[in-house]
Amino acid sequence: MNWRGRRVVITGASRGIGRSLALNLAGRGANLALAARSGADLEAVVRSARALGVQAVAVAADVSEEQQARDMVRAAAAAMGGVDVLVNNAGVGLRAPVQHLSPAEFTLVLGVNLLGPLHCVQAVLPYLLQQGGGLIINVSSLAGLLPTPFLGGYSASKHALVALSRCLRAELAASGIRVMLVHPASVETDFKQHALGEPYPARPGASRVSADRVAEIVARAAETGRQEVFVRRSERFLVAAARLAPGLADRIILGRYGKSR
Ligand code: NJP
């Protein structure tokens, strides 16, 4: 797939991975409708995208609210004359041991990480089905494939997103609409500062990839038609190892992410 002239909706585009992806795709000639709750930050991304010579609009929306998600997709399609690609990137973290997981916070996280993508997919599908093709990119997490201690609520939301996305992929197999899943792990963004629950522990020396690098990997993977996208080879291997030797993988994950404070 060539990005030039594609009409792309990106949620969570005001900062982090969403912002980097917006600017990467603008550089490849895609037209953009960018969504998040905070209008001011979004407007700044829109200006940067336009400076790269493409059309871009900001549509403020809380994707966890069904009506707002539907209105956002409708406004995006009206502004761009249709939609070719939806990127469900908006997400929120939650750190807490399962024993003390707040049902209220878990509900909020499910609203953004699981229902948000569902609302946007349901709103965009009529456009994609009518034109007989398109691409849906759901940004999940390595924690959506591997149970991650102290991230039970977040991990559950992303496991559910992975299941929903793979079912959707199977349902759309004959439609010309592709569904791509992205499984990042530690990325240099403000994600942890905005997460709910307990503060994430500092992990001095832990290696994190830049949001720009993730954006480049996602943009290229879409061009080559990949379905499941990992940021680092070691993360792909960890998931494969977890299938073959679950105990070993659990120990590696505990070593990496298992600090309680
Ligand atoms: O997060 P951050 P990342 N409705 O906090 C928006 C996954 N991931 O870029 O609404 C609409 O910098 C928010 O804008 P605002 C992660 O799960 C990351 O790191 O104005 N938008 C902002 O634009 C997520 O799915 C890491 O607050 C909403 C954006 O979402 C994706 O990568 C690791 C919203 C969040 O920007 C992007 O994360 C991993 C709502 N209700 C998975 N709530 C990592 N960074 O290490 C938030 O495994 N937003």
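The table for this structure:
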quantity	calculated
Relative contact order of segment 152-218, pairs being alpha-carbon contacts under 8 Å that are 6 or more residues apart, as %	27
Proximal charge balance of Leu101 [Cβ under 15 Å; K/R count +1, D/E count -1]	0
Most fluctuating residue given options Ala61, Ala33, Ala240, as computed from a GNM of the chain linking Cα atoms under 10 Å	Ala240
Amide proton proximity set for Val57, modelled H, under 5 Å, gap of 5+	Leu32, Ala33, Leu34
Mean separation of Cα contacts under 8 Å (6+ apart) over length of the chain, as relative contact order %	19
Sequence-distant residues sharing a close amide H with Gly12 (under 5 Å, placed H)	Ala35, Ala36, Ala90
Normalised contact order of segment 77-208, rounded percent, pairs of Cα under 8 Å and 6 or more residues apart	33
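Read the figures in this text as sums done on the coordinates, not as results from a lab. Just so it is clear, the structure is predicted and the values come from calculations on it, not from any experiment. Glycine gets a Cβ as well: all are built from the backbone with ideal geometry, and neighbour counts include every protein chain shown.
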